[in-house]
Amino acid sequence: MSNEAAAGPIVRRGLMLVLSSPSGAGKTTLSRLLLQHEPGIELSISVTTRAKRPAEQDGVDYYFVDHKTFRGMTARDELLEYAQVFDHHYGTPRGPVERTLSAGRDMLFDIDWQGTQQLAERARQDLVSVFILPPSTQELERRLVSRAQDPPEVVARRMAKAADEMSHWAEYDYVIVNENLDHSLALVKSILTAERLKRTRQVGLSDFVKSLRSAP
């Protein structure tokens, strides 16, 4: 019997890939592209207390809940992380994430530095964090204005908050300056590939090596 026949597939535990950035720096666009181009990864769907926008679907974009329901989830420790962003609350349900990682698939998170800190406290061994920086503050403002999603006063609030958000860059495993979207996507994919190959995540590696050594 050949070694190839004796050795089965290596079982891998999934990872949590976090992309964070100031609003407008590109994390949401990069997340969408990564989901389109990278197999084996899915987006973590957050719960939120904010109102559903016209094009959004419950259970697809977010799980939309009221404040009472959200408070109950936090009290029962059903959220891996949660935070208040402007006037609304957001959180990550624990159950779907654990099921995905245990099945050897990866989970993508589009969250801020507060949520990332909480994930690091609860599941650091599963976490890979990437902070996305804009090439300049002028470009960040231009992107916020050009997407025409928010009135001028909201853009001003987001720009004021950006400086504080960017001060947390050193808490992340990787930092990418998003000047070119295609290049930034390639970098994120490279990070994902390398992290998937880490010995500590390949939980079936020991049995795989044993089967290689015992094969005639």
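The values are calculated or read from the model by the stated rules, or taken from the named source; none is laboratory data. Note that the structure is predicted; figures quoted are calculated from it, not measured. Virtual Cβ from ideal backbone geometry, glycine too; neighbours counted across all protein chains shown.
Entry remark, the stretch 58-93: residues being within 16 Å of Ala123 (Cβ to Cβ) and in contact with a Ser or Thr (Cβ under 7 Å, 6 or more places away or on another chain) number 6 in total. Return the residues of the stretch 122-161 that are modelled with pLDDT of 90 or more and more than 25 Å from Ser190 (Cα to Cα); say none if nothing qualifies. Of everything in the stretch 122-161, just one residue is modelled with pLDDT of 90 or more and more than 25 Å from Ser190 (Cα to Cα), namely Arg122.
In this structure, is Gly72 surrounded by fewer than 18 Cβ atoms within 10 Å (Cβ to Cβ), farther than 29 Å from Arg157 by Cα and modelled with pLDDT of 95 or more? The answer is yes for Gly72.
Quick test of your reading of the structure: Leu35 fulfils all but one of (1) surrounded by 14 or more Cβ atoms within 10 Å (Cβ to Cβ); (2) of a type in the set (A, V, I, L, M); (3) touching a residue at least 60 places away in the same chain (Cβ under 8 Å). Name the failing condition by number. Answer for Leu35: the failing condition is (1).
Taking only the stretch 75-90 into account, find how many residues are in contact with an Asp or Glu (Cβ under 8 Å, 6 or more places away or on another chain) and modelled with pLDDT of 95 or more. Give the steps one after another, and end with the answer.
Quick first cut of the stretch 75-90, residues in contact with an Asp or Glu (Cβ under 8 Å, 6 or more places away or on another chain) only: 83, 85.
The next check asks that each one be modelled with pLDDT of 95 or more; those that pass are none.
The qualifying residues number 0.
Which of the residues spanning the stretch 185-205 are of a type in the set (Ser, Thr, Tyr) and under 14 Å from Pro39 (Cα atoms)?
We begin by selecting, within the stretch 185-205, every residue of a type in the set (Ser, Thr, Tyr); these are 190, 193, 200.
Within the stretch 185-205, Ser190, Thr193 meet the criteria.
Can you pull out the residues in the stretch 104-149 that are of a type in the set (A, V, I, L, M) and surrounded by fewer than 16 Cβ atoms within 10 Å (Cβ to Cβ)? Talk me through it step by step, then tell me what you get.
Residues of the stretch 104-149 that are of a type in the set (A, V, I, L, M), as a first pass: 107-108, 111, 119-120, 123, 127-128, 130, 132-133, 140, 144-145, 148.
Of everything in the stretch 104-149, those that are of a type in the set (A, V, I, L, M) and surrounded by fewer than 16 Cβ atoms within 10 Å (Cβ to Cβ) turn out to be Val145, Ala148.
Can you spot a residue in the stretch 126-137 that is touching a helix residue (DSSP H, G or I) at 6+ places or on another chain (Cβ under 8 Å), within 13 Å of Thr116 (Cβ to Cβ) and of a type in the set (D, E, K, R)? Among the residues of the stretch 126-137, at least one is touching a helix residue (DSSP H, G or I) at 6+ places or on another chain (Cβ under 8 Å), within 13 Å of Thr116 (Cβ to Cβ) and of a type in the set (D, E, K, R), which makes the answer yes. When the stretch 166-204 is filtered for residues that are part of a helix (DSSP H, G or I), out of contact with any Phe, Trp or Tyr (no Cβ under 6 Å at 6 or more places or on another chain), in contact (Cβ under 8 Å) with a residue 60 or more places away in the chain and surrounded by 14 or more Cβ atoms within 10 Å (Cβ to Cβ), the ones remaining, listed by number, are Met166, Ser184, Leu185, Val188, Lys189, Leu192, Glu195, Arg196, Arg201.
Within the stretch 37-49, restricting attention to residues that are farther than 20 Å from Glu98 by Cβ and modelled with pLDDT of 95 or more, the residue that is nearest to the chain's Cα centre (by Cα) is Thr48. Restricting attention to the stretch 39-87 and to residues that are in a loop (DSSP other than H, G, I, E, B) and polar (S, T, N, Q), the residue that is farthest from Leu119 (Cα to Cα) turns out to be Gln57. When every residue of the stretch 93-105 is checked against the conditions, none turns out to be of a type in the set (A, V, I, L, M, F, W, C), over 28 Å from Tyr174 (Cβ atoms) and not in a helix (DSSP H, G or I).
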